[in-house]
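Here is the structure we will look at, set down as structure tokens.
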Amino acid sequence: ASAQSFTLILDWFINPDHAPLFAAKYCGAFARAGLDVKLIAPTDPDVPPRLVAAGQADACLSYQPQLYLLVDQGLPLRRTGTLIDKPLNTLTALKQSGITKLADLKGRKIGYSVAGVETVLIGTMLKSVGLQLSDVTLVNVNFNLVTALQSREVDAVIGTFRTYEDIQLAQAGLEPVIFAPEDYGVPQADELILLSAESKLKAPALAGFLGALREGVAALEAEPEKMLALFLKDNPSLNDKLDIASWHALPPYFARDPAALDAARYTKYRDFMRAAGLIKKDLPLSAYAVQITA
Amino acid sequence: MPPPGIVIEGLCLRYAGESIFENLSVTLPGGRFSALLGPSGVGKTSLLRIIAGLEAPAAGRVYAEDNAPLAGRVAYMAQQDLLLPWASALNNVMLGATLRGEARDPQRAEALLHRVGLGHRLRALPATLSGGERQRVALARTLYEERPVVLMDEPFSALDAISRARIQELAAELLDQRTVLLITHDPLEACRLGHSLWVLAGNPATLGSPLTVPGAPPRAPDNNSVLHMQGELLRRLAALSPA
Amino acid sequence: MPPPGIVIEGLCLRYAGESIFENLSVTLPGGRFSALLGPSGVGKTSLLRIIAGLEAPAAGRVYAEDNAPLAGRVAYMAQQDLLLPWASALNNVMLGATLRGEARDPQRAEALLHRVGLGHRLRALPATLSGGERQRVALARTLYEERPVVLMDEPFSALDAISRARIQELAAELLDQRTVLLITHDPLEACRLGHSLWVLAGNPATLGSPLTVPGAPPRAPDNNSVLHMQGELLRRLAALSPA
Amino acid sequence: MIRPFITLAGFIALWWAMAAYGGVPPYMLPSPQAVGAALWTQREYLATNAGVTLAEIAIGLTGGTILGALAALGVAASPVLQRWLLPVLVLSQAIPVFALAPLMVLWLGFGLTSKVAMAMLVIFFPVTANFLDGLRRTEAGWLDLARTMNAKPLYVLLRLRLPAALPALGSGLRVAAAVAPIGAILGEWVGASSGLGYVMLNANARIQPDLMFAALVVLMAIAIGLYVAVDKTLRRLLRWAPGS
Amino acid sequence: MIRPFITLAGFIALWWAMAAYGGVPPYMLPSPQAVGAALWTQREYLATNAGVTLAEIAIGLTGGTILGALAALGVAASPVLQRWLLPVLVLSQAIPVFALAPLMVLWLGFGLTSKVAMAMLVIFFPVTANFLDGLRRTEAGWLDLARTMNAKPLYVLLRLRLPAALPALGSGLRVAAAVAPIGAILGEWVGASSGLGYVMLNANARIQPDLMFAALVVLMAIAIGLYVAVDKTLRRLLRWAPGS
Ligand SMILES: Nc1ncnc2c1ncn2[C@@H]1O[C@H](COP(=O)(O)OP(=O)(O)OP(=O)(O)O)[C@@H](O)[C@H]1O
Ligand SMILES: Nc1ncnc2c1ncn2[C@@H]1O[C@H](COP(=O)(O)OP(=O)(O)OP(=O)(O)O)[C@@H](O)[C@H]1O
Ligand SMILES: [Mg+2]
Ligand SMILES: [Mg+2]
């Protein structure tokens, strides 16, 4: 029988975060599962979930905080898998601007890319060191976090990844000062998760996909250099110092078992979102996250 | 249906409060040449445009003696040539057929251009024609329409004396038996072509009683009655225009 | 510097390979009226434009008898009125001053418009003027320039006989002692205004020897020499134009 | 006077039908009711941000028009300038906003200036291109006349070619008026903390489609209002030109 | 023939000076050398993606022009259409791409269609607006003449008003040609895996300024080429109009 097509919309451009997906392809796991997987990169991370909800794709990558907003608004979506099960997001400043601890941000400018939850994250983090949101100036710098920081237009940015921008800043000879949200009162969250439409939860393709993805993670762990070589061959524009460094920094963050659901973590984060007023409903776990079993 | 006479009844025209003519009434005889003369700015073009249905009078009306609507039976040659700059002389002549979506008759158009002395410039764009040549293309365009009623606003003003005489004869031949109203500043032209001559003058303008010229147009320029009428016409014009 | 004569030497003009005139040579006398007649399409306008420096001849040259450059000493009135649609009659008359960045003289412009019979339409936009009125504004604009050399292309063609006579007198008065070249289709006009009359005819066109009219313009229309010359001119024109 | 309301009603009906029966889920196209509710409950928030965007549009449109008109005049005045400036003007239209945004912020900061600059960049080109076309299309007879009058090029440009090109400038202004709102939104792209574009980005990220469309409705109202105002003004000013 | 190269050299010199001495850090404005190197090493990658964008531009420009011309003709032909279509056309210009992109993908999928649709949306409006202005500005005398000739409105539109409006359509086309590249880039916004816009967004997101500027250089070359081609063609076709 010919392979069944499975369309996955990524969260963003192809980057080393997606390594397990490529590894699953290279080790033949997708083919073994009878899947012809198509990866589509969007330019706007907010669009993929809507397209999945509307049935335009089988699954997409998104972020855990986003999941609550989506489901709260009534989008028929569920978290079905996890690609990266640790937070990558950081609040980053430069040592050059004289910031060594979070409290130093008082009276400073913080840049962010609009994603919906930044103000709450920053507010929570500031509160843990006795500051308030009104003690800082927030500037939307859109997709130019690093540039804004480098050019000193802002003193800190939120939304940088410890496996990417923070490495980049170091490579540029700067000294990033990194504050992880989970160290400052924000609950642990999965960074990169897999969403599917409610109506497609029972599709065998999805279970097959998750199984193959698990093989991909294992293959990546077994032969990181071989996978990297294949990845760079497929994506020659990623063949640079930064992406290779990122590739090597990422493995500890990938979920070993993509299907596994940490119910307590999801419930705790829901409470956080609810308390912050970001969602209006007391969503039960089953309304937004499921564990798919093959 | 023979070319109808045109009845003008109680026509008033005002621009920005100023009265051009008031209560103008006259009947242009069907199948004949009427020539209209009068000082510059008196309202000749305006009258022609009202008859052509291009301008609405403040009061009064214009209709055909046979009571059928005038629209569609009138060919109009304006004071400007109004040639389309992108179209050849030939295509400009056939404009009416083009705009009605009818089959065009290039043979007839060519023949007309030949008759007005432009047989060698059929494909010329208007920008490459002289003033008089442009006017002759516009005339050919008007004649191509073959309408029973023909309104012409100074149609020969850009022509030299010799071409003018020749084209007058052409017009008299091709427009024979039509109802023609011809605005002209040339008394000789009026006398050569017109069955009846009207002088529009005054403020507001009024039409005097018509002069009638005996004989069939085109009359020879040295024809006795033409010379006599020309003198009479000049006297009238001189008397009517303000000192 | 008195108005210079204009020397035309070996002028050739060709459009798209067709020759309009070849090796045309003539001297227009300084301080005098020259009238140029000829059949439509013969090349009168082209000649005027070459003299005005608006067109480059294929060969030959045009220069002032005093050897100073002609540019800047010529006023040119084209066959079209070329009024600016957004400017009032008054502003159109003063266009030259405006475009040279000079101080404008509304009094003089107003006086000129009065003289051409448009004193009551000073602020009118061109679109609201009749054909003859527009031509008179263009004439006023030409006269406003006060140049020693004046080139006019059928300047009175849209005027009725009476206004025309009056404006001819005005032109004769205001352009006295200037070097004037006037294209006209009206033999009477040529004879009333011209010191020398030229006929351009033929293919390629040539200039015959000039007719000289005695007496100072404007001559009375019934002046004996005017009538005589008019007859002679008509004969020449008729003889020169193709059958 | 009643026609716009009929159009509006028809438009809303169509929208409603599409939302209700067109198979378009509410998170992509919320119902008119939901958007209406958002318009009402968030009216102050929307009004404040609309004010910011309006200011950007106003300054951007004014600045863009002035700049565009000056550029066209400059290019028309001098063949040298034309050779150097025109390619740069054309190029400026091909630069995507995300390529320019960082430079804008570097040079102009995150304040109003960078937004207005981006808006102007979008607005000025239609103005320049149309006006320039108009300036080049001056009736040849007029230019001949000007030549015999010994006219100075500067005055020919300002008193003859410029007024003759006003209808063409008008066309450019109409296009500019229509793209001005998107110009301001693009301006907010470089990083803003207020304005309708910011509201939309934010609502989009927070999955609040009703708020996003409410902001869109406000933006469109601004767009239509602007277009109508510009159109009316131009018709009034250019009454001498045919068809106005 | 040599002038464009002087312009180009001047441009590069200016860029180089700005990058070297202008205090603009390389992560915002890489040096010409770096961009040149990227152009060379990534030439295949750039060429492939430029091909995709070129196809989008070509289809978008053709489609946008046809659509814009038809819209203008429709609006000009029928006052009823004008009342209904014109506001919609104006509104279409005020919709930011991120509001429209999801709907486009929903309706047209991820393929070429949705990209071309977005590109057309950007391109068609200048065409429509300018052409419409031209169609409305027909010499009154010609329309009078047509009336006395008993002309059919359709033929008046097609054989009189349309040719008379071609210079105005030309202005619109020039603007369209200049915005077409950005139209294609916006089209790629709806989700692409190839095209210069994708390359740029990608390089931008991954902070590879030299690659981003290399793609930008290619895009600009396309833009200038397109503009010059359109301009030359229009001048040839509209020789009867003054100033062409
Ligand atoms: N650009 C051009 N290309 C080709 N032929 C042209 C061009 N301009 C003028 N001609 C031709 O040159 C000839 C002379 O034109 P010109 O305008 O000088 O005539 P004219 O004597 O002024 O005629 P009229 O009395 O009708 O105004 C005409 O036959 C005209 O068709
Ligand atoms: N739109 C308008 N607004 C105001 N006045 C106008 C308008 N159109 C024409 N007029 C005036 O009406 C009068 C009559 O104009 P019309 O064109 O009918 O004159 P005419 O007799 O044809 O003159 P000519 O022999 O000079 O062509 C003129 O005085 C003119 O200025
Ligand atoms: Mg008249
Ligand atoms: Mg002539």
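Derivation of every value follows stated rules applied to the coordinates shown; laboratory data play no part. Fair warning: this is a prediction, and the values are worked out from it, not measured in the lab. Please note: Cβ atoms are built from the backbone with ideal geometry, for glycine as well, and neighbour counts cover all protein chains shown.
Worth pointing out:
- Set the Cα radius of gyration of the stretch C:180-243 against 2.2 N^0.38 Å, with N its number of residues, and you get 1.09.
- The mean number of Cβ atoms from other chains found within 10 Å of a Cβ in peptide E:195-208 is 6, as a whole number.
- Prolate/oblate/rounded label for the stretch E:182-244 (Cα gyration tensor, a/c 1.5): prolate
- Cα gyration tensor category, rounded, prolate or oblate, for chain A with a/c compared to 1.5: oblate
- Each of C:LEU227 and E:LEU154 was given a label point 7 Å from its Cα along the Cα-to-Cβ line. The distance between the two points is 6.4 nm.
- Whole-Hz Karplus values for the stretch B:207-220 come out as 9, x, 5, x, 8, 10, 9, x, x, 8, x, x, 8, 5 Hz, taken residue by residue from phi with 6.51 cos²θ - 1.76 cosθ + 1.60 and θ = phi - 60°; glycine and proline positions read x.
- Surface/4 estimate of mean projected area, convex hull on alpha-carbon atoms of chain D, nm²: 16.1 nm²
- For the listed peptides B:104-110, D:95-101, a ranking on the average number of other beta carbons within 10 Å per residue, highest first, reads D:95-101, B:104-110.
- Between E:ALA58 and B:ALA111, the modelled label-to-label distance comes to 5.1 nm, taking each label 7 Å out from Cα in the direction of the beta carbon.
- Taking amide H atoms as placed 1.01 Å from N in the peptide plane, the amide H of C:HIS185 has no partner under 5 Å among residues 5 or more positions away or on other chains.
- Net charge over other residues, Cβ less than 10 angstrom from the Cβ of E:GLY195 (K, R count +1; D, E count -1): -1
- Max-minus-min Cα coordinates of the stretch A:222-289 on each principal axis give 46, 24, 18 Å, with the largest extent listed first.
- DSSP bridge pairs, chain A: antiparallel proportion in percent, nearest 5: 55 percent
- Mean partner shielding of peptide E:135-145, defined as the number of other chain Cβ atoms within 10 Å of each residue Cβ, is 6.
- By DSSP, the beta bridges lying fully in the protein assembly as shown are antiparallel in about 50 percent of cases.
- For the B-to-C rotation axis, chain B residue with nearest beta carbon and its distance in angstrom: B:SER157, 2
- Hydrodynamic radius by Kirkwood, which averages 1/r over all alpha carbon pairs of the stretch D:1-120, in angstrom: 18.5 Å
- ³J(HN,Hα), Karplus 6.51/-1.76/1.60, whole Hz, each residue of the stretch B:184-195, x for Gly, Pro: 8, 9, 9, x, 4, 4, 4, 6, 6, 9, x, 7
- For the stretch E:93-201, a Kirkwood radius taken over Cα pairs fed into Stokes-Einstein (37 °C, viscosity 0.692 mPa s) yields D = 207 µm²/s.
- Amide H to amide H distances under 5 Å link C:ALA59 with C:CYS12, where only residues 5 or more positions off or on other chains count and H is placed in the peptide plane.
- Dipole magnitude of chain B, debye to nearest 20 (Cβ charges: Lys/Arg +1, Asp/Glu -1, about Cα centre): 280 debye
- Mean Cβ count within 10 Å, highest first, over the residues of peptides A:255-261, D:175-181: D:175-181, A:255-261
- Amide H partners (placed H, <5 Å) of C:VAL150, local residues excluded: C:ALA75, C:THR179, C:VAL180, C:LEU181
- Unit charges on C-beta of K, R, D, E only; dipole of the stretch E:32-237, Debye: 640 debye
- Angle between chain A longest axis and helix A:224-234 axis [Cα atoms, degrees, rounded to 10]: 80 degrees
- Ranking of E:PHE11, A:PHE272, D:PHE131 by count of other Cβ atoms within 10 Å, fewest first: E:PHE11, A:PHE272, D:PHE131
- Modelled spin labels at C:ALA239 and C:TYR63, positioned 7 Å past Cα toward Cβ, are 3.5 nm from each other.
- For the segment E:120-133, counting C-beta atoms of other chains within 10 Å of every residue's C-beta and taking the mean gives 4.
- With the helix formula -39500 (n - 2.57) applied to DSSP H stretches of n ≥ 4, chain C reaches a computed 222 nm mean residue ellipticity of -10000 deg cm²/dmol.
- Taking one quarter of the surface of the C-alpha convex hull of the stretch B:1-160 gives a mean projected area of 10.6 nm².
- Relative contact order (%) - chain C, alpha-carbon pairs under 8 angstrom, separation at least six: 26 percent
- With all pairs of different C-alpha atoms in the average, the Kirkwood value for the hydrodynamic radius of the protein assembly as shown is 35.5 Å.
- Too-long pairs where the Cα-Cα distance tops 23 Å, listed order kept, from A:LYS109/D:LYS115; A:LYS101/A:LYS127; A:LYS38/A:LYS202; A:LYS86/A:LYS109; A:LYS106/A:LYS127: A:LYS86/A:LYS109
- Calculated FRET efficiency, A:GLN96 to A:ALA263, Cβ-Cβ distance, R0 = 51 Å: about 0.75 to the nearest 0.05.
- Our coupling estimate for the stretch A:247-259, obtained by passing each phi through the Karplus curve with A = 6.51, B = -1.76, C = 1.60 and θ = phi - 60°, is 4, 6, 7, 7, x, x, 8, 6, 6, 5, 10, x, 7 Hz, Gly and Pro reported as x.
- Placing R0 at 30 angstrom, the Cβ-Cβ distance between E:GLU44 and E:LEU108 gives a FRET efficiency of 0.55 after rounding to 0.05.
- With Cα atoms defining each centre, the stretch C:1-44 and the stretch A:191-232 are spaced 91 Å apart in the structure.
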